[in-house]
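As structure tokens, the structure follows; a few thoughts come after it.
The values are calculated or read from the model by the stated rules, or taken from the named source; none is laboratory data. Only a predicted model underlies this, so the values are computations on that prediction, with no experimental measurement involved. Heads up, the Cβs are rebuilt from the backbone with ideal geometry, glycines too, and the neighbour counts pull from every protein chain shown. The protein model used for the area step is the full one, side chains on, heavy atoms only, and it has no ligands, DNA or RNA in it. Shrake-Rupley method; radii C 1.70, N 1.55, O 1.52, S 1.80 Å.
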Amino acid sequence: MTARQGVEVAPGPAGPGSAQDDPEVRRGQEDRLREAWKAPPGWRYWSAVNNTEVGLWYTLAAFGFMLFAGVLALLMRAQLAVPENGLLSAGLYNQMFTLHGSVMMFLFAVPIFEAGSILLLPQMLSARDLPFPRLSAYGFWSFVIGGVFVCGSIFFGVAPAGGWFMYPPLTTTVQKDQLGVDVWLLGLSFIEVASIAAAVELIVGVLKCRPPGMRINLIPLYAWYILVVAVMILFAFPPLIAGDLLLELERAFDWPFFDATRGGDPLLWQHLFWIFGHPEVYIVFLPAIGLMAMIVPTFAGRPIVGYSWIVLAAIGTGFLSFGLWVHHMFATGLPNISLGFFSAASEAVALPTGVQIFVFIATLLAGKARFSVPMLFATGSLGVFIFGGLTGVMVALAPFDWQAHDTYFVVGHLHYVLVGGMLFPVTAAAYYYFPFMTGKHLSEAWGKAAFWLMFAGFNLAFLPMHFTGLMGMPRRVYTYPSGLGLDGLNMASTVGAFVFAAGFLVVVGDIFRPKGRQPYARRNPWNAGSLEWLIEMPGEDWGVRSVPIILSRYPLWDQPGFLKNLDEGRFYLPDAEEGKRETLITSILDARPIQCLRVPGPTWLTFWAAVLTGGVFIFSTYHWWTASIVSGVGALATILAWLWTGTALVPEKPEKNVGLDTVLPLYGAGPASVGWWAMFITMTGDLTAFLSLVFGYFFYWTVRADFVPEGAGPAGLPWFALAFAATFAAWGLTFLARRRIGALGPRGFQGTLALAILLALAAGGALILAPLSEGLDPTVHVYPASVWVVVLWTGIHLAVGALMLAYCLARSLAGRLTPEHDIEVWNVALYWHFLLLSVAVACAVLALFPLVD
Amino acid sequence: MGRGSKRRRGGGATVLASALSLVACEGPQSALDPGGHGAAQLAGLFWVMLAAAGVLWVVVVAIAVVAVRLRPGEHRRRTATFLMLGGGVVVPTVLLAALLWHGLGLMRDLRQPADPAAVAVRVDGELWWWRITYLFPDGSTVESANEVRLPVGERVRLDLASQNVIHSFWLPSIGGKMDLIPGRTNELVLEPTKAGDYRGQCAEYCGPAHALMAFSTEVMPKESFARWLDAEAKPAAEGGGAGLDTFLAYGCGACHSIRGTSANGRIGPDLTHVASRATLGAGTLPNAPDNLRLWIGHTQDLKPDVRMPSFGMIPDADMTALVAYLEGLK
Amino acid sequence: MIFRDTKATLWTVVAPPSVWALHFLTVYPTAAVICAKSADGIGTARLVVFVATVTALFAILLAGVWGWRHSGGVVTADDPLDDGNRDSRQRFLANATLLLAGLSFVAVLFTGLPGLAFGTCR
């Protein structure tokens, strides 16, 4: 196994005299590369997993959902055009605003960044694909299925109507029998899982799939933003998933987490929702700013001024955004001092945001700015976003928020931030990257018309809302009375909304108008310096002819002969000798080559896995438990088949020459493998969800005097002790199996695993018996419910841990898991490290805390 | 595009100006037309912040436009760096620190305790109306609904609670809002400074009729307030006659109370002095005999999913008597 | 010694904002729990806020000084630190640490202010 630091980067491209001089050789290489990377033909096209296909579908689907949510917004604006309008009923209006917010956030704003990154990031890093193409495909299909399910519900009148924030007890009492809430909880949980999958993919992509020589100080700024955002997803989405779990348990099984009469507290939901919800805003905003950071230097014709400052801003915003969530709860009656901390952090987050804007302005000043449609949208976005930022500083001030909160002021503010900070940059990027995607330009004339319609319409629609709100109009009202002075402002907003929509329609028209006769754009049409623009017009499926050596932030500007060397295959991996899809894995800080990674090709398995996983969530919505379980078993089987046939493949030879006299291994286990990193990252997110449940436990302890009732604890203590002991032993055996796989021999290895499986199951059993022995009934009070939910979470993880060990056992029996090829046991051992931590925390909290409290 | 950028700056200013002229910012529910200490402080703060934001916006956007359109060309690196440090770091840090400190002080000020001698008000959020209970220092109470009366010049404590879903009590002309959360009692202190009629509304989405969960407010001189509260404490006038009979015959008393009669329901609003209130159905309709008739007959059409069924089956003669009786409950 | 020999990594970059996060995770729960359990404890809460703030500021200052030394004193954009060699990469990471120390310092200072401003649990 090669060390994690990798091998030296070659001094430069293959010079004259190398085999690459011969055009015949090159043609042969190109044919083999084309064959390896081509998309499947005919209907099998939809089994593709390559980032160019999946990224495109993902982008189009996200845009489709956006248009749908936009139509809902127009209908709502039509209803609010005049006071006491009867166009929409209250019920329908409430479904519409709920869907508008949910779809824009969960089905457009977050996915469009995942989609765009799947499409762009490999190209920016000259990787032939992301490390887990099938995971991307699985995420995409999950997204489409979940999205269609959630959106479709409105045509049957059963769309969620609890607001995109789904506050209980509204959603657990008044709307208890409404299917819509379950559609929201389960449909969107499904999509959240897909988002976490994308985050895993993108983190590993940025850290491990860079071209040789692209040290951490040279990576494209977009990649920095994606890295930060993907890490944020790991900490932001799990609390919501935990919250969804609690809410669904209350709805389906009457566990009283949010029922004040049985010790619950509705505020826990608000905490969990907004711990997700506020970082979410930055998860949406940062990638868009990342796009700006790619566009601005191109049109300034110079490198960004203050690269470190952008990195500071991205990381700083990522951190601070987790200290803001209570500013959505300023009116819930928390003590001043608590509100003060969040008010302070909310003001502080404006600092890195301001830095980013000034970096762009400084870059434009120091360069020689050229004008174009992308720049038009980019400057427009600055104008809109800055205003949204300034009103953000206002609402961050708790006392002012006591007036502005939940009014149209906030509606105005958030649209300035999201449209200025996200939609306009994304539109700018659509114009900028359209030649990248299709080889052809969008129209300058249409773009200008679209911009001015959108800019004027947007301001006409949303600027008045700040006053509508302060003059007394709350959010989420389907009607308002005449005589409050709101009539003219609302009419202006409605007119503006339609003008804005007309502008966006022009963009859509420009994208879809036939371009058959339009010539292809020339290569690198904007004279950019970053790697994605080395793409040919039209692009080839292989993405990059050879994986280059990078010595600069803007290699297309700075590295002499770059494109010629690249096209002549004078860098790494110029060939696909074995007809396999290959890309390079490099080290984190200095991007030294570590491994030649074989990535998998087309398959239907990911599609079916997504369909069956979707079935679990969708059937559960209707409480069709049997169908749900059948679907779940099917999903598990499909995923196992996918893992068995498509991962940890043993190569036909241990290493290969990737060009430039560099020999790299084809197989790597442990920290040298991308799978290990994926497991590490996934489990970080998983641990966050678990800790959110533990947070819930201590939250109830804080606010309720009757939490941890008198006399709780002692009966369960031995069972908890037993559960921990068994887990510890299972963990020890798993660790031993990993460490001593060679010394144990196949039989010893398999025996160790079998024993570990038994212990894991015993641990799970003991864990379940602990609350049973105390006679805890989860529907009676929030204390037993809190104990049970932690036990269930940990118990399910133990079962999964046992299943993973069984998988390793099976692989070993099949002769696929050997001391030389042991990826699986490394990854499972890593899972068990996290599992041990979870069980330890669970047992300590549930068994010991009641005794000391 | 030099013309374009001027137009854009001009356009922004024009929109702003027209918005300002369009709204005189007056109104019974306007935070910018204050009749209370808190609202006045916050409205003042808003105008200052808005002016500052306007200046900052114009300056930053102007620099951007200069950079992109008016004078594109390489400016000195030093200028750019200076701009980045000054505009991106120093100025915002100082401004935000000052604003934050002011905000913290304001929080302390606005949440000062109420006058202990003043009458307090308990507000319960119902589905979808307001139960208002005046709490005297001696422990006695008077119940009303969908109308809050406050004495001018006193800091009054409002105890906010809910037994169903989360609501938010918002009386923008007097002060900021506060949520009503099941399992908690939140305290809001308001200090009206100007007598007059105001309007408030639920600000937290609470279900189908959220938009129609409003209340009226009258801020009165102290003496008038005391007199009114004495009258409010009294039971309804004697001698209901046919109207009261109808009321009881249709079972209205199962949900509504009229003190001094056998009607003692607790589900709907107390109607003892319903005729003295400004609106019907928690701000849905102005209070007038014709509207009351409409409301009783078509409740579900006027306010979706409200707990009261439409009593369209009441014959005309009975309805007339009922409306006459209720409109006599001053 | 440790101060001089520690190499810049992604971990050193996130150290200053992590200090901010720890500070936040100390002051907010302390105040919340104390005010929920007994409003008289506000004095203790303010003391905790004060001590935590001073400690955090000191730690961040240390990280900042470290970043300053290891980046060769780069603050402004004059040196873009964009060479394709190990030294440039090291100095870039140290520089990012320094800048984040600056931001974290202000953020901790801001977060400490409520402890100064409020003497009750209202």
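For this structure, a couple of remarks:
- For the range A:574-674, the strands (runs of 3 or more DSSP E) that sit wholly inside it and include 3 or more residues that are not aliphatic (A, V, I, L, M) are A:582-586, A:593-598, A:655-657.
- The range A:173-197 - residue that is open to solvent by less than 10 Å² (accessible area, probe 1.4 Å) and among the polar types (S, T, N, Q) and, of those, farthest from the other protein chains (Cβ to nearest Cβ): A:195
- Residue that is farthest from residue A:349 (Cα to Cα), among those in the range A:298-315 that are in a loop (DSSP other than H, G, I, E, B) and more than 7 Å from chain C (Cβ to nearest Cβ): A:301
- Hey, residue A:406 in the same structural domain as residue A:471 (by TED's automatic domain parsing) and at positive phi or not: yes
- Here residue C:88 meets each of (1) part of a helix (DSSP H, G or I); (2) in contact (Cβ under 8 Å) with a residue 12 or more places away in the chain with one exception, condition (2).
- Residue within the range B:191-206 that is open to solvent by less than 10 Å² (accessible area, probe 1.4 Å), part of a loop (DSSP other than H, G, I, E, B), touching a residue at least 40 places away in the same chain (Cβ under 8 Å) and within 10 Å of chain A (Cβ to nearest Cβ) present: yes
- Selected residue [under 22 Å from residue A:127 (Cβ atoms), surrounded by 15 or more Cβ atoms within 10 Å (Cβ to Cβ), at pLDDT below 95 and not assigned by TED's automatic domain parsing to the domain that holds residue A:118] from A:3, A:10: A:10
- Of the residues contained in the range A:30-51, one or more are found to be touching a Gly at 6+ places or on another chain (Cβ under 6 Å) and open to solvent by less than 40 Å² (accessible area, probe 1.4 Å).
- Residues in the range A:700-722 that are within 14 Å of chain C (Cβ to nearest Cβ) and open to solvent by 20 Å² or more (accessible area, probe 1.4 Å): A:701, A:702, A:703, A:704, A:705, A:706.
- Meets criteria (closer than 24 Å to residue B:214 by Cβ, surrounded by fewer than 21 Cβ atoms within 10 Å (Cβ to Cβ) and either touching a helix residue (DSSP H, G or I) at 6+ places or on another chain (Cβ under 9 Å) or within 14 Å of chain A (Cβ to nearest Cβ) (or both)) for residue B:283: no
- Boolean, residue A:423 is under 25 Å from the mean Cα position of the chain (by Cα), within 30 Å of residue B:189 (Cα to Cα) and more than 7 Å from chain B (Cβ to nearest Cβ): no
- Test: residue in the range A:798-820 that is closer than 26 Å to residue A:254 by Cβ and open to solvent by 10 Å² or more (accessible area, probe 1.4 Å): yes
- Here is the figure for the range A:471-491: residues that are touching a residue at least 12 places away in the same chain (Cβ under 8 Å) and under 35 Å from the mean Cα position of the chain (by Cα) total 5.
- Residue A:228 within 13 Å of another protein chain (Cβ to nearest Cβ) and either in contact with a Lys or Arg (Cβ under 9 Å, 6 or more places away or on another chain) or β-branched (Val, Ile, Thr) (or both): yes
- Only residues that are touching a residue at least 24 places away in the same chain (Cβ under 8 Å), within 7 Å of another protein chain (Cβ to nearest Cβ) and either within 25 Å of residue B:103 (Cα to Cα) or open to solvent by less than 10 Å² (accessible area, probe 1.4 Å) (or both) were counted in the range A:350-382, giving 11.
- Test set (1) more than 14 Å from chain B (Cβ to nearest Cβ); (2) in contact (Cβ under 8 Å) with a residue 12 or more places away in the chain; (3) more than 30 Å from residue B:209 (Cβ to Cβ) - residue A:449 fails condition number: (1)
- Single residue of B:117, B:161 found to be of a type outside the set (D, E, K, R) and modelled with pLDDT under 95: B:117
- Remark: residue C:116 falls outside the filter, which requires a residue to be facing chain A (nearest Cβ under 8 Å) and part of a helix (DSSP H, G or I).
- Note on the range A:702-723: residues that are of a type in the set (A, V, I, L, M, F, W, C), within 39 Å of the chain's Cα centre (by Cα) and closer than 20 Å to residue A:775 by Cα amount to 7.
- Failed condition for residue A:240, given (1) in contact (Cβ under 8 Å) with a residue 60 or more places away in the chain; (2) open to solvent by less than 10 Å² (accessible area, probe 1.4 Å); (3) in a helix (DSSP H, G or I); (4) not polar (S, T, N, Q): (1)
Rundown of residues vs (1) buried (at least 20 other Cβ atoms within 10 Å of the Cβ); (2) outside any loop (DSSP other than H, G, I, E, B), yes/no style:
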{"site": "B:154", "(1), (2)": "no, no"}
{"site": "B:169", "(1), (2)": "yes, yes"}
{"site": "B:173", "(1), (2)": "yes, no"}
{"site": "B:208", "(1), (2)": "yes, no"}
{"site": "B:216", "(1), (2)": "yes, yes"}
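- Residue among B:144, B:173, B:162 that is in contact (Cβ under 8 Å) with a residue 40 or more places away in the chain and within 14 Å of chain A (Cβ to nearest Cβ): B:173
So that you can scan it fast, the table gives a plain yes or no per residue for (1) at pLDDT 95 or above; (2) within 24 Å of the chain's Cα centre (by Cα):
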position: C:35; (1), (2): no, no
position: C:49; (1), (2): yes, yes
position: C:53; (1), (2): yes, yes
position: C:72; (1), (2): no, yes
position: C:81; (1), (2): no, yes
position: C:92; (1), (2): no, yes
position: C:100; (1), (2): yes, yes
position: C:118; (1), (2): no, yes
position: C:121; (1), (2): no, no
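- Residue check, residue B:244 open to solvent by 50 Å² or more (accessible area, probe 1.4 Å), in a helix (DSSP H, G or I) and not acidic (Asp, Glu): no
For (1) open to solvent by less than 20 Å² (accessible area, probe 1.4 Å); (2) part of a loop (DSSP other than H, G, I, E, B); (3) closer than 30 Å to residue B:175 by Cα, each residue gets a yes or a no:
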| residue | (1), (2), (3) |
| --- | --- |
| A:441 | no, yes, no |
| A:445 | no, no, no |
| A:451 | yes, no, no |
| A:456 | no, no, no |
| A:467 | yes, no, yes |
| A:472 | yes, yes, yes |
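- Here the condition is being at pLDDT 95 or above, within 12 Å of chain B (Cβ to nearest Cβ) and surrounded by fewer than 23 Cβ atoms within 10 Å (Cβ to Cβ); of A:494, A:479, it holds for A:479 alone.
- Residue within the range B:179-186 that is under 19 Å from the mean Cα position of the chain (by Cα), facing another protein chain (nearest Cβ under 7 Å) and acidic (Asp, Glu) present: yes
- Among the candidates B:292, B:329, residue that is crowded, with 16+ Cβ neighbours inside 10 Å and modelled with pLDDT of 95 or more: B:292
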